[in-house]
Amino acid sequence: MKISVTLFSGLLSAAFGIDWIGMHGKMVEDDLCDGLSDTLQYRLCSKFSKDRKTKGFMEAIHTATIQTTTACSSAMAKNRWNCESLKSAPKFKRDLRKGTSERAFVHALSSAAVSINIANRCARGDMGMCGCRYRPQDEYLDPTVSKPCEHDLKWANEFSKQWTDAPILRSDAKNRYQRMFTADNNAGREVALQSMRTVCKCHGVSGSCTEKTCWKVSPTVEEVAESLKNLYESSVRLPKRRRNDESNRVERSSVVQMYYVDKSNDFCEADRRTGSAGTAGRTCDPNSFGEGSCDKLCCGRGHKKVIETTINENYNCRYVWCCRVECDTVKETTVTHICK
């Protein structure tokens with residue numbers, strides 16, 4: 001199903017297309033529509049929120065904003081850019097107001113999060129306008145338990161596309177940025193679709209798996225975030241489109257790719273203007289050479305070793321007859337390496 005909407009014109013902020021993530025700071029009981037800068041999203045939100053059959057759509061989008069923020073922080077915890085600026089949505093800094101790789105990651109992840117949450121709610125039967133892609137039928141399945149449901153992530157992707165792409169396509173941004181943002185949105189949805197998991201119910205003699213019924217379910221937002229991190233690290237700069245040259249239409253590419261237009265900050269030093277939290281004080285691994293390593297995370301400034309000793313009086317506790325608990329007292333030492 002496609003939701004029929006009327007397009008409106010309007011001037012959007014530099015963070016158009018992702019400023020709706022600012023919804024993550026609200027409670028689901030709040031007015032989720034308040035603060036949406038895009039006219040179309042605001043009208044869709046108002047329409048959905050008033051109808052019991054469609055209210056679940058906005059609740060799913062609200063959950064998607066929360067999961068986008070937490071999954072971003074988890075996936076990027078060992079990177080110089082660790083999604084800290086995303087928490088201030090919709091008041092973004094330069095890292096998420098320009099066409100950076102970081103903004104590409106947020107576009108992709110948030111678009112996928114909307115798809116996943118819509119598909120999950122549809123599968124649970126929370127919304128009357130959608131449901132399962134299909135329900136496996138098998139005489140061996142126990143009719144007293146909830147029936148299997150293959151998630152209709154393709155339908156959810158269409159919904160997500162309308163929600164996340166509309167503000168971009170209607171904006172006054174240069175065409176190159178529009179192409180970047182919509183391509184990155186699509187990358188997130190494609191990765192979510194490719195990451196669907198197959199689950200099976202075994203049935204047979206004595207519960208053996210001689211026969212089984214299988215169906216596909218949506219991945220978690222965290223799983224998609226880990227996959228998208230690989231695309232983020234290999235993102236390429238979107239070339240300028242030559243006049244009458246269709247080869248640069250990234251939307252038609254069969255390869256899932258993440259694009260950027262503007263070069264990113266190195267995020268080594270704290271700079272509130274650019275959205276860089278800096279890496280001073282971050283925990284690092286001196287024995288690693290990849291992400292999270294002191295060599296990479298500390299930007300050449302070096303690191304310091306912090307040794308902490310604590311007394312644990314509740315170690316190896318056991319019950320002694322009768323009637324007391326005895327515990328050993330031990331010293332516990334932790335060594336932490338901190339970027340200077």
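Hey, any hits in region 281-290 for a residue that's under 22 Å from the mean Cα position of the chain (by Cα), outside any strand (DSSP E or B) and surrounded by 14 or more Cβ atoms within 10 Å (Cβ to Cβ)?
There is no residue in region 281-290 that is under 22 Å from the mean Cα position of the chain (by Cα), outside any strand (DSSP E or B) and surrounded by 14 or more Cβ atoms within 10 Å (Cβ to Cβ).
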* Starting from region 164-180, keep only residues that are closer than 14 Å to Lys240 by Cβ and without any contact (Cβ under 8 Å) to a residue 12 or more places away in the chain, then list their pairs with residues that are in a loop (DSSP other than H, G, I, E, B) and polar (S, T, N, Q) whose Cβ atoms are within a distance under 7 Å, requiring at least 6 positions of separation or different chains. => Gln178/Ser171
* Asked: Regarding Arg103, is this residue more than 15 Å from Ala64 (Cβ to Cβ), in contact with a strand residue (DSSP E or B) (Cβ under 9 Å, 6 or more places away or on another chain) and touching a residue at least 12 places away in the same chain (Cβ under 8 Å)?
  -> yes
* Structure fact -> Picked from region 62-85 (must be in contact with a Phe, Trp or Tyr (Cβ under 8 Å, 6 or more places away or on another chain) and part of a helix (DSSP H, G or I)), the residue nearest to Lys174 (Cα to Cα) is Ser85
* When you go through (1) at pLDDT 90 or above; (2) closer than 30 Å to Lys161 by Cβ one by one for Gly275, which number turns out not to apply? -> (1)
* Structure fact -> Note: among Glu222, Glu190, just one is touching a residue at least 60 places away in the same chain (Cβ under 8 Å), acidic (Asp, Glu) and touching a helix residue (DSSP H, G or I) at 6+ places or on another chain (Cβ under 7 Å), namely Glu222
* Enumeration of residues in region 312-333 that are exposed (fewer than 10 other Cβ atoms within 10 Å of the Cβ), of a type outside the set (D, E, K, R) and part of a strand (DSSP E or B) -> Tyr319, Val320, Val325, Thr333
* Starting from residues that are small (Gly, Ala, Ser) and over 15 Å from the mean Cα position of the chain (by Cα), keep the ones in region 178-232 and report whichever is nearest to Ile116 (Cα to Cα). => Ala183
* State whether the residues of region 61-82 include one that is on the phi < 0 side of the Ramachandran plot, surrounded by fewer than 22 Cβ atoms within 10 Å (Cβ to Cβ) and either of a type in the set (Asp, Glu) or not assigned by TED's automatic domain parsing to the domain that holds Trp155 (or both). => no
* For Val106: the one exception among (1) at pLDDT below 95; (2) closer than 23 Å to Met180 by Cα -> (1)
* To do: Kindly indicate which of Gly131, Gly125, Gly99 is modelled with pLDDT under 95 and on the phi > 0 side of the Ramachandran plot.
  => Gly125
* Tell me, please, whether a residue that is crowded, with 17+ Cβ neighbours inside 10 Å, hydrophobic (A, V, I, L, M, F, W, C) and more than 21 Å from Leu36 (Cα to Cα) can be found in region 178-185. => yes
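The values are calculated or read from the model by the stated rules, or taken from the named source; none is laboratory data. Source: prediction; values computed, not measured. Ideal geometry is used to build each Cβ from the backbone, glycine not excepted, and the neighbour counts take in all protein chains shown.
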